[in-house]
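Novice: Quick one: the structure is below, questions incoming.
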Ligand SMILES: [Zn+2]
C-alpha cells in the first residue's frame, strides 16, 4: 500500500517535471488559450475498484483536444486536493485520466469545495465495497463534470503516484464544483489518511490558462 508519509522516498520523485504544482494565476504565460475540447462520446463509469488509498472508477468515453483523441481510463480521488490554486487547497480533487492510442497520458483535474451535494458522488459512495472490484448497477454519467471548463490551467507534469511517470498533459480547472459536508465526511470515513502528494518544484516550466 502506498505510504504518503514516506513520499520523499518514492522512486523517480526528483526526475524532470513532477506534479502536483502550485498554480498561480498571475504567473501564467498566456491567459487566453482556447483549447479545442470536444466530448466525442459520453464518459461513463462502469466499474468501481478499491485501490487502498482511494477508489477508482473505470469505464468508457472519449474526448479530443485540438483533434488529438483521448480514451477515458479512470476517475480517482484525492483528499485533500493535490494542486493548489492561488495558494488555496480544496477538500478534494478529482482526476479524470485519459490516454491516447500511443499511451500519452492526459489528466483533467477538478477541485471540489463544500456546498450542495452531488447525486453522482452519492451513487459512487453507495456502490463502493471495501477491497472489491464491483460492477456499477447502472452506468454513471461523468460527462457533466467535463463540460463548461472555461477557466483551466495547463502544464506538463507527471503522475502523482508511483511510478511518477513524466510527460503527462495536465488540465486543472480553476472553478470548483460542490460536494456536501456529509459526502466529504463519508469519503474520509472510508479513506482516513490524506492521499495528496506534496507540491513539486516548478523548475521554470510554463503554465498557460484559458478555456476548453
Ligand atoms: Zn490522481
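The values are calculated or read from the model by the stated rules, or taken from the named source; none is laboratory data. All figures in this text were calculated on a predicted structure; none of them were measured in a lab. We place every Cβ from the backbone using ideal geometry, glycine too, and count neighbours over all the protein chains shown.
Novice: Taking the conditions exactly as written (surrounded by fewer than 17 Cβ atoms within 10 Å (Cβ to Cβ) and within 15 Å of the ligand (Cβ to nearest atom)), does residue 163 satisfy them or not? So that I can check it myself, show each step before the final result.
Specialist: Values: surrounded by fewer than 17 Cβ atoms within 10 Å (Cβ to Cβ): yes; within 15 Å of the ligand (Cβ to nearest atom): yes.
Taking the combined requirement at face value, the residue satisfies it.
Novice: In the list 186, 197, which residue meets the criterion of being within 16 Å of the ligand (Cβ to nearest atom), closer than 17 Å to residue 81 by Cα and touching a helix residue (DSSP H, G or I) at 6+ places or on another chain (Cβ under 9 Å)?
Specialist: Values: 186 fails: within 16 Å of the ligand (Cβ to nearest atom).
Residue meeting the stated conditions: 197.
Novice: Filter the range 38-92 down to the residues that are modelled with pLDDT of 95 or more, assigned to a loop (DSSP other than H, G, I, E, B) and within 14 Å of the ligand (Cβ to nearest atom), then identify the one that is surrounded by the fewest Cβ atoms within 10 Å (Cβ to Cβ).
Specialist: 80
Novice: Still on this structure, please answer the following. Within the range 94-147, work out how many residues are within 16 Å of the ligand (Cβ to nearest atom) and modelled with pLDDT under 95.
Specialist: Number satisfying all stated conditions: 1.
Novice: Look at the range 185-212 and say how many of its residues are in a loop (DSSP other than H, G, I, E, B) and farther than 20 Å from residue 51 by Cα. Explain how you work it out, then say what you get.
Specialist: The initial filter retains those residues of the range 185-212 that are in a loop (DSSP other than H, G, I, E, B), namely 191-207, 212.
Remaining after also requiring farther than 20 Å from residue 51 by Cα: 199-207, 212.
Number satisfying all stated conditions: 10.
Novice: Going by what's in this entry, would residue 20 be described as closer than 20 Å to residue 200 by Cα, touching a residue at least 24 places away in the same chain (Cβ under 8 Å) and touching a helix residue (DSSP H, G or I) at 6+ places or on another chain (Cβ under 6 Å)?
Specialist: The answer is no for residue 20.
Novice: A further question follows. Could you please find all residues in the range 115-134 being more than 20 Å from the chain's Cα centre (by Cα) and surrounded by 15 or more Cβ atoms within 10 Å (Cβ to Cβ)?
Specialist: Result: 127, single match.
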